[in-house]
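Below: one structure, written as structure tokens.
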Amino acid sequence: GENVEQHPSTLSVQEGDSAVIKCTYSDSASNYFPWYKQELGKRPQLIIDIRSNVGEKKDQRIAVTLNKTAKHFSLHITETQPEDSAVYFCAATTGRRALTFGSGTRLQVQP
Amino acid sequence: DSGVTQTPKHLITATGQRVTLRCSPRSGDLSVYWYQQSLDQGLQFLIQYYNGEERAKGNILERFSAQQFPDLHSELNLSSLELGDSALYFCASSVDGEGNEQFFGPGTRLTVL
């Protein structure tokens, strides 16, 4: 089955800096890669996703890049703000099975 | 608000007991997924239903079972509860059974004493 590895496990940045979280996946047939943000005790919220026919996708301060050859994808957050502090999860799927999640990255944005 | 509802929000019970968690998917979504999240852990996929039929199984214990009803709501049954079953249980729904764009409910926090 699919295996998703996520790094780093924790990330601390100063407000206004950029943050990058990286994931690798094992199944070359995976074609859908979402990112979820989870605040403490709350539900995971879908913040951005990318499909395998696209190399990059942006939504305001958030962007995701995908390298199918290397089987890795990354989340980029620019101009970080304290409200970006949360746990971020990447995930992957071929579409024929449920999402496989990474282990999560705890992002702390220092004011 | 994702449109996915879960009840109850909190559940406190004792070891050996049985509980039922309920999930209603977003309007129009046919697929329901159940996940377990232990303290400071990631999201572990348990089971998926699509339009009333089991579609995929993950790391679900034999003590756990689920079903999806004709109105598409789903129930997760946990029996012979152990301390280690204490966790947040999320359900998610998607429009199809292809694993895309899953939207999560608020979760049920289960505490086993």
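Please treat every number below as a calculation from the coordinates, not as lab data. Owing to the predicted nature of the structure, the values given are computational and were not obtained by experimental measurement. Virtual Cβ from ideal backbone geometry, glycine too; neighbours counted across all protein chains shown.
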- Query: In whole Å, how far is the Cα centre of segment B:22-55 from that of segment A:53-79?
  - Reply: 26
- Message: Let me spell out the model: positive unit charges on the Cβ of Lys and Arg, negative unit charges on the Cβ of Asp and Glu, origin at the Cα centre of chain B. What dipole size does that give, in debye rounded to 20?
- Response: 340
- Query: Hey, which aspartates and glutamates would be in cross-link range of B:Lys9, C-alpha to C-alpha under 20 Å, not counting anything within fewer than 8 residues on its own chain?
  - Reply: A:Glu39, B:Asp1, B:Asp40, B:Glu75, B:Glu82, B:Asp85
- Loop GluC sites (Glu not before Pro), segment A:34-82, which have at most 12 other Cβ atoms in a 10 Å radius of their Cβ (DSSP): A:Glu39, A:Glu79
- Using alpha carbon positions and the Kirkwood radius, the Rg to Rh ratio of segment A:1-64 is 0.97
- Item | Cut-off of 10 Å, at most 12 other beta carbons, DSSP loop: longest stretch of chain B lacking such GluC sites (Glu not before Pro) | B:1-61
- Note on the structure: For segment A:7-103, the percent of all C-alpha pairs falling in each 10 Å bin, from 0 up to the bin holding the max distance, is 16, 51, 29, 5
- segment A:72-111: percent of C-alpha pairs farther apart than 16 Å? 46
- When the charge dipole of chain A is computed with +1 on Lys and Arg Cβ and -1 on Asp and Glu Cβ about the Cα centre, the Cα farthest towards its positive end, among A:Ser12, A:Ser28, A:Val87, belongs to A:Ser28
- Task: Let me know the charge dipole size of chain A about its Cα centre in debye, to the nearest 20, where only the beta-carbon of Lys, Arg (+1) and Asp, Glu (-1) is charged.
- Result: 440
- Task: Just flag the trypsin sites (Lys or Arg not before Pro) in segment B:26-80 sitting in loop per DSSP whose Cβ has no more than 13 other Cβ atoms within 10 Å.
- Result: B:Arg63
- Note on the structure: Here segment A:59-67 yields Karplus 3J(HN,Hα) values (6.51, -1.76, 1.60; θ = phi - 60°; whole Hz; Gly and Pro given as x) of 8, 6, 8, 10, 9, 10, 10, 10, 10
- Task: Take the alpha-carbon centre of segment B:85-112, take the same for segment A:1-27, and report the distance between them in whole Å.
- Result: 22
